[in-house]
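Inspection log for the structure reproduced underneath, given as structure tokens.
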Ligand code: GTP
Ligand code: MG
């Protein structure tokens, strides 16, 4: 199915985000984990800026996505957290910004938390998962950069990470923006998050 994507806005604060009741799915994860690459891979276009230099996405970048004839939704690319080279000042800005975002939005249907398949989840990752569980935002975990591992190693890491974080198997999606692995599964999982509200409104 064809997926169309357009850049909507680079929001400086939560106030700049769209308020039009279109469902929102936000991406969170460490700097450099592959958030922008994941967006580009999902929509098969280069709409989001990626970089080898971590911490490039400073603001919430919002993309409007439409898949076939389904209703559109927003993908919100939030700034990455926990990169050592980002100044303390920037780090302390991160939490209030995300908290403000989560508080502001009534359009948010779910979060995609990205983890690098090859790395151990950090304290920041765990704190983020706990926080999302606390505020009861449905969360999908995308394990990125699986192309860097053999199939069997990626499979083993998926099981290890799921167990370490007490995640349900259907909550975890191995993904590669290089090969496109997991693309259809992630689009389906996002559609599930976007959809229930739609049927309620109908
Ligand atoms: P910030 O915006 O800084 O928070 O980073 P980000 O999470 O948006 O990461 P980005 O998508 O810019 O990717 C960071 C680096 O990882 C880039 O060099 C990408 O090319 C690389 N990368 C991202 N996804 C993949 C993947 O699936 N496989 C491989 N091999 N490299 C990837
Ligand atoms: Mg980015």
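The values are calculated or read from the model by the stated rules, or taken from the named source; none is laboratory data. Remember, it's a predicted structure, so these values are computed and weren't measured experimentally. Note that each Cβ is placed from the backbone with ideal geometry, even for glycine, and that neighbours are counted across all protein chains shown.
Annotations for the structure displayed:
- Residue in the stretch 87-110 that is within 16 Å of ligand 1 (Cβ to nearest atom), at pLDDT 70 or above and part of a strand (DSSP E or B) present: no
- With respect to the conditions (1) more than 17 Å from the chain's Cα centre (by Cα); (2) surrounded by 15 or more Cβ atoms within 10 Å (Cβ to Cβ); (3) within 12 Å of ligand 1 (Cβ to nearest atom), residue 18 falls short on a single one, namely (3).
- Look at (1) farther than 15 Å from residue 35 by Cβ; (2) touching a helix residue (DSSP H, G or I) at 6+ places or on another chain (Cβ under 9 Å) and you find that residue 130 fails only one, number (2).
- Number of positions in the stretch 172-192 that are assigned to a helix (DSSP H, G or I) and in contact with a strand residue (DSSP E or B) (Cβ under 6 Å, 6 or more places away or on another chain): 4
- Answer residue from the stretch 136-153, given it is in contact with a strand residue (DSSP E or B) (Cβ under 6 Å, 6 or more places away or on another chain) and not in a strand (DSSP E or B) and is modelled with the lowest pLDDT among those: 137
- Among the residues of the stretch 133-161, those that are in contact (Cβ under 8 Å) with a residue 24 or more places away in the chain and either under 14 Å from the mean Cα position of the chain (by Cα) or under 27 Å from residue 108 (Cα atoms) (or both) comprise 135, 137, 138, 139, 140, 141, 142, 143, 144, 145, 158, 161.
- Some residue of the stretch 55-63 being farther than 20 Å from residue 145 by Cβ, in contact with a strand residue (DSSP E or B) (Cβ under 6 Å, 6 or more places away or on another chain), within 14 Å of ligand 2 (Cβ to nearest atom) and in a loop (DSSP other than H, G, I, E, B): yes
- Filter pass, residue 195 being closer than 23 Å to residue 66 by Cβ and in a helix (DSSP H, G or I): yes
- For residue 4, the criteria (1) touching a strand residue (DSSP E or B) at 6+ places or on another chain (Cβ under 9 Å); (2) at pLDDT 95 or above hold in every case but one, which is (2).
- For the stretch 114-135, the condition of being modelled with pLDDT under 90, surrounded by 12 or more Cβ atoms within 10 Å (Cβ to Cβ) and either part of a strand (DSSP E or B) or within 16 Å of ligand 1 (Cβ to nearest atom) (or both) holds for at least one residue.
- Residue check: residue 70 meets all listed conditions (1) at pLDDT 85 or above; (2) part of a helix (DSSP H, G or I) but one, namely (2).
- Test: residue in the stretch 31-39 that is touching a strand residue (DSSP E or B) at 6+ places or on another chain (Cβ under 7 Å), within 16 Å of ligand 2 (Cβ to nearest atom) and either modelled with pLDDT under 75 or in a strand (DSSP E or B) (or both): no
- Among the residues listed as 53, 60, 84, the single one being modelled with pLDDT of 65 or more and surrounded by fewer than 17 Cβ atoms within 10 Å (Cβ to Cβ): 53
- Considering residues of the stretch 40-50 that are within 13 Å of ligand 2 (Cβ to nearest atom) and outside any loop (DSSP other than H, G, I, E, B) only, the residue surrounded by the most Cβ atoms within 10 Å (Cβ to Cβ): 41
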